[in-house]
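Take a look at the structure below.
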């Protein structure tokens with residue numbers, strides 16, 4: 001009988017790099033008086049985002065999960081926002097996150113997120129802090145450049161994501177997809193395809209770059225406002241060598257709007273044949289009680305290790321990715 005390959009996929013040096021990164025992160029936030037917290041990995045609510053799928057866990061009845069169903073969390077966001085509403089002040093967390101169906105060169109169903117929230121910060125302020133952390137770890141001499149989503153699509157895809165028609169976007173997607181498939185895509189899915197096939201490859205040749213001010217339809221949990229005559233989300237992502245490292249928001253604090261977005265998410269999930277997810281009543285209650293105006297960000301530590309070490313696969317910086325877990 002063939003013996004399974006039990007050894008870690010990461011080298012000893014890669015494991016040492018991970019330990020050093022965790023020390024660096026904790027020192028970074030200690031110097032800025034940001035408190036480290038822990039929140040549940042297993043909880044009764046899963047995420048409603050169309051593009052994320054939580055892993056479901058069955059539990060014994062009567063242990064805190066009324067219907068015997070719980071979810072491994074895709075991020076600590078909902079619980080950390082409840083801490084903010086309870087008066088925690090600035091907080092960060094190194095979190096083991098889980099996302100179903102994600103396995104590939106840059107994905108593993110279990111991975112490590114660094115997530116933090118800054119009361120009193122807007123998205124611009126948090127981009128500066130993210131830049132400080134990433135530049136400090138990578139030894140960069142300059143902070144990342146900033147470019148709007150609109151400018152990025154105009155520069156590298158030759159179109160205005162706010163003015164191009166749905167039909168025009170679908171025609172562009174036919175460069176990579178079958179026409180019959182392209183004709184079924186929503187506007188935002190078309191933009192995602194263009195982003196992944198044209199913009200991200202171009203960013204691999206650019207210095208570290210923040211993309212900010214996304215279309216309001218891609219706001220997720222971010223505030224929106226009118227910029228240049230268009231509804232835009234105060235959301236940003238950081239790309240280093242073409243690798244997306246983080247997703248940050250000037251956070252939504254309006255409970256009614258949050259409830260509306262939960263409903264919209266579930267409409268999209270139902271249309272896509274995905275299970276509808278119950279709105280997190282705890283989060284909505286916390287927002288109703290009053291969460292301070294804050295900016296927050298989730299940064300993938302595994303990907304940051306990939307970038308700093310030049311690794312080609314996330315398996316090279318993890319001890320035991322899914323195939324060996």
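Kirkwood hydrodynamic radius, computed over distinct alpha-carbon pairs, for the stretch 96-250: how many Å, to one decimal?
On the way: mean 1/r = 0.0596 Å⁻¹.
The answer is 16.8 Å.
I need the shape label for the chain. Rule: rounded when a/c is under 1.5, else prolate if a/b > b/c, else oblate, with a, b, c from the alpha carbon gyration tensor. Don't skip to the answer; put the middle values down first.
Values: a/c = 1.19, a/b = 1.08, b/c = 1.10.
Rounded shape, in that the Cα axes give a/c under 1.5.
Starting from 0.36 nm per residue, how many nanometres of slack lie between residue 124 and residue 51 once their C-alpha separation is accounted for? Present the calculation step by step, with values, prior to reporting the outcome.
Working: separation 73, 0.36 × 73 = 26.28 nm, distance 2.55 nm.
Result: 23.7 nm gained on full extension.
Can you tell me which of 60-70, 7-17 comes out highest on packing, and rank the rest after it, using the mean Cβ neighbours within 10 Å? Intermediate values should be presented prior to the final figure.
Details: 60-70: 11.5, 7-17: 14.0.
In decreasing order of mean packing, 60-70, 7-17 become 7-17, 60-70.
With a/c under 1.5 counting as rounded, go ahead and sort the stretch 256-321 into rounded, prolate or oblate using the C-alpha gyration tensor (a ≥ b ≥ c being the square roots of the eigenvalues; past the cut-off, prolate if a/b is larger than b/c, else oblate). Each step should come with its number before you reach the end.
On the way: a/c = 3.40, a/b = 1.73, b/c = 1.97.
In terms of gyration-tensor shape, oblate.
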Label-zone membership for the stretch 298-325, site residue 2, 7 angstrom Cα→C-beta point, backbone N under 15 Å
324
For residue 22 and residue 206, calculate 0.36 nm times their separation in residues minus their Cα-Cα distance, and state this gained length in nm to one decimal.
63.5 nm
Which of 313, 75, 186 fluctuates most in a GNM of the chain (C-alpha springs under 10 Å)? That residue is 186
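What relative contact order, as a whole-number percentage, does the chain give when Cα pairs under 8 Å and 6 or more residues apart are counted? Please list the in-between numbers first.
On the way: 569 pairs, mean separation 78.5, N = 325.
Answer for the chain is 24 percent.
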Could you work out [θ]222 nm for the chain from helices alone, using -39500 (n - 2.57) per DSSP H run of at least four and dividing by all its residues? Round to the nearest 500 deg cm²/dmol.
-10500 deg cm²/dmol
Extension gain from residue 32 to residue 181, taking 0.36 nm per residue of separation minus the Cα-Cα distance
48.7 nm
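With the Cα gyration tensor of the stretch 3-131 giving a ≥ b ≥ c as the square roots of its eigenvalues, does the rule (a/c under 1.5 for rounded; else a/b larger than b/c for prolate; else oblate) give rounded, prolate or oblate?
Working: a/c = 1.88, a/b = 1.08, b/c = 1.73.
The shape class here is oblate.
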Ordering of 268-280, 216-228 by burial proxy (mean other Cβ atoms within 10 Å per residue, highest first)
216-228, 268-280
For the stretch 104-235, give the share of DSSP beta bridges that are antiparallel, in percent and rounded to the nearest 5; count only bridges with both residues there.
60 percent
Taking R0 as 45 Å, what FRET efficiency do you get between residue 167 and residue 140 from their Cβ-Cβ distance, rounded to the nearest 0.05?
0.60
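Readers should treat all values here as calculations from the given coordinates under stated rules, not as data from a laboratory. None of these values were measured; they are calculated from a predicted model. Heads up, the Cβs are rebuilt from the backbone with ideal geometry, glycines too, and the neighbour counts pull from every protein chain shown.
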